[in-house]
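One structure is given below, encoded as structure tokens.
Coordinate-derived values only; no laboratory data. Since we're looking at a predicted model, the values are computed, not measured. All Cβ positions, even for glycine, are placed from backbone atoms using ideal geometry, and neighbour counts span all protein chains on display.
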């Protein structure tokens with residue numbers, strides 16, 4: 001493929017429509033060179049490309065190279081350490097996917113090279129932010145995919161801990177993150193601990209000499225990611241001769257430093273200088289104001305709000321928006337369409353507005369966000385953060401000059417440490433090249449010249465290092481630790497650290513974080529006063545059926561959450577209104593209002609309290625300290641009636657009259673007051689509602705809790721209902737919208753296993769192994785006890801799936817995978833495989849719902865009697881069952897040594913993908929022409 005062909009493909013994938021063939025979308029010279037490296041399979045360890053020159057285009061270059069047969073991984077995982085940038089990166093990935101699925105000749109050629117049919121495209125999934133994980137990357141490990149996520153979300157999955165992922169699915173996530181994947185770490189110098197973790201992960205697997213599964217590849221996008229090693233891929237003379245590159249490198253950003261005595265309070269100075277930058281509201285410019293502290297940002301926002309109100313009274317116009325990290329994802333999504341944000345992102349003046357636009361931002365708007373301001377006002381921060389902020393000004397090089405004002409009042413430095421930190425940061429800023437008018441050169445070229453001086457002069461290097469945030473210390477990743485984390489079947493393990501944060505971020509002084517969500521319906525019956533073990537178990541089942549969705553969460557420091565709840569509840573706490581009150585709370589009849597649950601990472605409910613109990617704990621110092629420790633890294637689910645969220649999605653101590661809008665409920669109208677559209681509700685995949693207990697429903701029910709008096713004739717039930725498209729992704733694969741026979745399901749998964757084997761180009765022994773495991777995996781369902789528990793009709797048994805299975809309490813702990821394992825031990829086809837492949841097949845049978853890692857319960861139900869044409873099932877005495885389970889654990893250990901933790905997890909992911917594909921086919925039958 002020559003440069004012109006690459007350019008055409010690149011333009012087709014990355015353009016947003018109008019300028020699809022325009023020169024602005026054609027690749028830069030460095031992008032052509034990087035593509036050639038991809039094509040040769042020589043991926044650089046890191047890219048040193050200045051901001052504003054399209055580093056995220058790595059996605060498109062990887063895809064084009066893959067389509068042209070390059071030996072590059074089939075998945076690209078793009079890691080960004082800011083939630084707002086996740087949304088932005090996902091938009092680019094989605095644009096690429098839409099272009100790939102189009103009817104153009106270029107798209108058709110790319111699809112053919114990727115093995116995709118007409119109209120098909122790559123999978124795009126997000127593990128944080130605006131677009132919730134749609135599981136497309138999990139469903140088919142042979143499909144090209146782009147996964148976007150934060151350090152926490154990607155790193156936790158890599159280490160088998162998957163934030164927000166149930167125990168049974170964690171190995172699947174780990175296997176597909178760590179194998180046949182190119183991990184691109186954007187702004188890697190801001191995540192040095194994670195960069196080192198990725199480098200260690202690439203070295204740890206696969207086992208030496210193994211070619212299957214394909215290995216992990218890591219690429220860091222940063223000029224200073226020294227922890228990744230290797231020579232950087234950087235701009236060269238050809239790039240600097242390109243007019244587009246030269247314009248962006250030299251885009252003027254003169255810096256005026258205000259650091260003398262006589263300055264007022266920081267927030268007042270920032271607001272004043274921002275107003276001056278817009279000529280007191282008369283100039284139609286875009287001004288970004290950066291504040292290190294959230295409280296300062298709010299004060300600046302409030303001050304500008306007052307000035308803009310006065311301006312509008314006089315007939316003027318202006319736009320203003322606040323961008324902070326502590327905002328619920330739902331409301332953060334709305335920022336993309338805010339008039340001010342659109343002006344910063346798209347360079348347009350909405351609704352004919354002629355006045356200025358102001359963006360007040362904390363660190364949430366610093367890194368990687370595609371913002372382009374005409375002027376900047378900033379407080380003084382660490383050197384690397386100041387460079388990031390400068391990258392948001394005159395980003396496209398279209399302005400003749402974009403003035404920058406840095407405000408550093410001496411009075412803000414209260415302690416000797418603060419004074420010294422301020423001195424160091426000022427020294428680094430003053431080391432930038434001076435311009436003729438006495439300002440400092442904040443352009444990309446000016447920053448580059450400073451970096452060159454630092455390389456040549458140790459004194460300058462020392463000044464820069466003193467003003468730069470030091471890399472945190474972090475523990476090493478070892479094989480022993482990885483193996484301990486991979487034991488996902490164990491809730492507790494003495495060799496497994498309680499938290500993985502030090503491996504992801506190092507030992508840092510950042511405030512401990514937690515998540516908060518609000519729900520209208522919570523599984524706490526009105527007659528239950530206390531949260532006993534039974535109630536928590538029921539809540540765990542509820543949140544497994546209706547898991548917390550990324551769009552309904554807010555992430556904030558634990559202390560901030562505690563302080564907010566203290567001010568709302570302690571002293572001024574009043575009982576939430578009950579369903580009998582005239583203006584009832586939003587909970588359903590029969591549910592206790594004013595309650596909350598605390599969820600662990602895997603969704604387990606570990607605590608439950610009434611609001612009055614929480615208020616007492618918050619007012620008791622000893623109990624308060626216990627709460628702060630217990631809530632770190634966990635999710636607090638509040639009754640919507642308790643409030644705590646303002647209309648902008650920010651935590652608030654004030655008590656709005658209306659309850660917090662929530663995603664649960666059964667109001668599918670587009671004008672739903674919750675703010676979620678019907679389409680967004682459908683994407684969530686579940687509905688939570690209180691319905692008459694006797695009501696019929698056409699949707700599959702994943703959870704049902706009867707409410708009220710057992711003798712009542714009008715009894716209701718709290719139910720979680722699923723849409724058909726979501727059923728195949730559920731951990732309980734017996735749940736379906738249509739019944740399916742065991743014979744039918746087995747035939748489908750064998751076909752899917754053979755398809756995956758073909759696309760993955762497995763050799764014949766591994767193909768036979770995978771097909772044999774598929775044939776045997778559900779044999780344990782063919783017992784009357786399991787069929788009865790699942791509510792299977794008597795006619796047509798055995799069934800693999802039923803419409804509304806009952807809970808498994810009457811099975812005595814029996815898992816159908818264990819029954820399948822017992823039968824597979826005597827299978828002649830498996831016996832003919834070589835020992836390591838037989839081991840792998842038996843493990844896949846036992847582990848296909850996430851158990852047998854390493855333990856599985858050794859329970860068999862009473863054997864089914866032999867019937868006409870049916871041989872009696874194998875039966876073992878109880879004394880022989882435990883050795884089977886013990887051998888399963890030993891087999892797991894052998895396979896971990898053979899394949900490595902991630903390699904074995906990859907095999908499980910492939911096998912479970914075949915199972916999920918068969919389930920999806922069952923759901924589609926009758927809807928798209930497929931028949932039994």
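Computed from Cα positions, the angle between helix 835-847 and the longest principal axis of the chain comes to roughly 80 degrees. If you take the Cα centroid of the stretch 494-518 and the Cα centroid of the stretch 232-255, the two points sit 39 Å apart. The modelled label-to-label distance for the pair residue 250/residue 629, using points 7 Å beyond Cα in the direction of Cβ, is 6.2 nm.
Note on the chain: Rg/Rh from C-alpha atoms, Kirkwood Rh, equals 0.98. Report, to the nearest 10°, how far helix 533-545 tilts away from the longest principal axis of the Cα atoms in the chain, using its own Cα long axis and a range of 0 to 90°. Roughly 70 degrees between the two axes. Divide the volume of the convex hull around the Cα atoms of the stretch 267-380 by the residue count and you get 96 Å³ per residue.
Per residue, the convex hull spanned by the Cα atoms of the stretch 733-853 amounts to 110 cubic angstrom. Dividing the mean sequence gap of close Cα pairs (under 8 Å, 6+ apart) by how many residues the stretch 251-442 holds gives a relative contact order of 35 percent.
Annotation: the residues 417, 602, 744, sorted from fewest to most other C-beta atoms within 10 Å of their own C-beta, follow the order 417, 744, 602. When 817, 623 are sorted by how many other C-beta atoms sit within 10 angstrom of their C-beta, beginning with the fewest, the order is 623, 817. Its convex hull of Cα atoms gives the stretch 251-442 a direction-averaged projected area, equal to a quarter of the hull surface, of 11.0 nm².
Relative protection proxy for 175-183, 133-141, 881-889, 786-794, from highest mean packing down: 175-183, 133-141, 786-794, 881-889 (other beta-carbon atoms within 10 angstrom). Dividing the mean sequence gap of close Cα pairs (under 8 Å, 6+ apart) by how many residues the chain holds gives a relative contact order of 11 percent. Translational diffusion of the stretch 359-460 was estimated from the Stokes-Einstein equation, with Rh taken as the Kirkwood radius over Cα pairs; at 20 °C and 1.002 mPa s the coefficient is 146 µm²/s.
Where does helix 294-313 land angle-wise versus the long Cα axis of the chain, in degrees 0 to 90, nearest 10? Orientation of helix 294-313: about 60 degrees from the principal axis. Taking the helices alone, the chain has a mean residue ellipticity at 222 nm of -12000 deg cm²/dmol, built from -39,500 (n - 2.57) per DSSP H run of at least 4 residues and averaged over all its residues. Reducing the stretch 409-431 and the stretch 47-110 to their Cα centroids gives an inter-centroid distance of 41 Å. The orientation-averaged projected area of the convex hull spanned by the Cα atoms of the stretch 65-155 comes to 5.7 nm².
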